[in-house]
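K.L.:
Just dropping this structure here.
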Amino acid sequence: MHTGTEQDPLVHPVTGERIVFRKRSRDTGGDLFEMLLYLAPSGFIAAPHVHPNQEERFEIGGAPVIFKVAGKERLYQPGEVAVVPAGTPHVWWNPGQREAATIVQFRPALDTETFFETFFGLASDGKVGRNGLPNPLQMMALARDYHREMQLPPPAQWVLGPLAMLMAPFARALGYRGRYDKYSGPRAPS
């Protein structure tokens, strides 16, 4: 289990991402989740996506990065801030030869931390393809469990959302989960 600290970051070996948690949901009463995302040269985010219930804010550092937000591309320089409103399709990548070190904030926090622990844990264990994504059944379990935090942009979500509702129980029966103790530790008692 990686702890998301500077000494033990979450690592996605395919996309070139490394995450260090700065402010967890439990630290902010659920108002904010903040992380430092290091993006290797030519590193990328695995897929365009939407946060249907969260604003995402990026404070660019280290190296310039390109964002594609609502279909429009823009190069952001270190020191600039990009804000992606809830429900807005976006993706970003590092086009350069230096590592980017971007502060990323999600408001509200929801369960974004656990999503990243799971997603990066699977990647670290070699359970993703060349595109950085897990197999379709694992994706169905993730899509069902984290539909408040992350979705594919429309129109793909119009198909994946209902499909995840139907397929997630089948995926769970085969052992796929949206959360694993191996990556997030044991659940705290309710």
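K.L.:
Quick one: count up the residues across segment 49-69 that are in a strand (DSSP E or B), surrounded by fewer than 16 Cβ atoms within 10 Å (Cβ to Cβ) and not charged (D, E, K, R).
P.N.:
Going through segment 49-69 one residue at a time, the tally reaches 1.
K.L.:
Could you tell me which of the residues T88, T102 is among the hydroxyl-bearing types (S, T, Y) and in a strand (DSSP E or B)? So that I can check it myself, show each step before the final result.
P.N.:
Values: T88 fails: in a strand (DSSP E or B).
Testing whether each residue is among the hydroxyl-bearing types (S, T, Y) and in a strand (DSSP E or B) leaves just T102.
K.L.:
Then there's this: Can you tell me which residues in segment 107-134 are part of a loop (DSSP other than H, G, I, E, B) and either open to solvent by less than 50 Å² (accessible area, probe 1.4 Å) or under 24 Å from A82 (Cβ atoms) (or both)?
P.N.:
To start, the set of residues in segment 107-134 that are part of a loop (DSSP other than H, G, I, E, B) comprises 108-111, 125-134.
The answer is P108, A109, L110, D111, V128, G129, N131, G132, L133, P134.
K.L.:
Also: Among (1) more than 19 Å from G132 (Cα to Cα); (2) loosely packed, with under 14 Cβ neighbours inside 10 Å, there is one condition P41 misses while meeting the rest; what is its number?
P.N.:
Among (1) more than 19 Å from G132 (Cα to Cα); (2) loosely packed, with under 14 Cβ neighbours inside 10 Å, the lone unmet condition for P41 is (1).
K.L.:
Considering only residues of segment 156-190 that are open to solvent by 90 Å² or more (accessible area, probe 1.4 Å) and among the aromatic types (F, W, Y), which is nearest to L10 (Cα to Cα)?
P.N.:
Once the filter is applied, the top-ranked residue is F170.
K.L.:
Does segment 77-100 hold any residues that are without any contact (Cβ under 8 Å) to a residue 40 or more places away in the chain and buried (at least 19 other Cβ atoms within 10 Å of the Cβ), and which are they? Spell out how you get there, then give the answer.
P.N.:
From segment 77-100, those without any contact (Cβ under 8 Å) to a residue 40 or more places away in the chain are 77-88; that's our starting set.
If the condition is that a residue be without any contact (Cβ under 8 Å) to a residue 40 or more places away in the chain and buried (at least 19 other Cβ atoms within 10 Å of the Cβ), then V84 is the only one that fits.
K.L.:
While we're looking at this one, here's another question. Report yes if P153 is closer than 21 Å to L37 by Cβ, touching a Pro at 6+ places or on another chain (Cβ under 7 Å) and open to solvent by 20 Å² or more (accessible area, probe 1.4 Å), otherwise no. Let's see the steps before the verdict.
P.N.:
Details: closer than 21 Å to L37 by Cβ: yes; touching a Pro at 6+ places or on another chain (Cβ under 7 Å): yes; open to solvent by 20 Å² or more (accessible area, probe 1.4 Å): yes.
Spelling it out, P153 is indeed closer than 21 Å to L37 by Cβ, touching a Pro at 6+ places or on another chain (Cβ under 7 Å) and open to solvent by 20 Å² or more (accessible area, probe 1.4 Å).
K.L.:
Here's another thing I want to ask about it. Return the pairs, sorted by first residue and then second, in which the second residue is assigned to a strand (DSSP E or B) and among the β-branched types (V, I, T), the first residue lies in segment 55-67 and is under 17 Å from R22 (Cα atoms), the beta carbons are less than 6 Å apart, and the residues are 6+ apart or on different chains.
P.N.:
Hits for this filter: E56/V84; R57/V83; F58/T102; F58/V104; E59/V81; E59/I103; I60/T102; G61/T102.
K.L.:
Something else: When you check R74 against the structure, is it in a strand (DSSP E or B), charged (D, E, K, R), more than 23 Å from R177 (Cβ to Cβ) and under 15 Å from the mean Cα position of the chain (by Cα), yes or no?
P.N.:
Working: in a strand (DSSP E or B): yes; charged (D, E, K, R): yes; more than 23 Å from R177 (Cβ to Cβ): yes; under 15 Å from the mean Cα position of the chain (by Cα): no.
Spelling it out, it is not the case that R74 is in a strand (DSSP E or B), charged (D, E, K, R), more than 23 Å from R177 (Cβ to Cβ) and under 15 Å from the mean Cα position of the chain (by Cα).
The values are calculated or read from the model by the stated rules, or taken from the named source; none is laboratory data. Keep in mind that this is a model prediction, so the values were computed, not measured. With ideal geometry, Cβ positions are generated from the backbone for all residues, glycine too; neighbour counts draw on all protein chains shown. Only protein heavy atoms, including side chains, enter the accessible area calculation; ligands, DNA and RNA are left aside. Shrake-Rupley method; radii C 1.70, N 1.55, O 1.52, S 1.80 Å.
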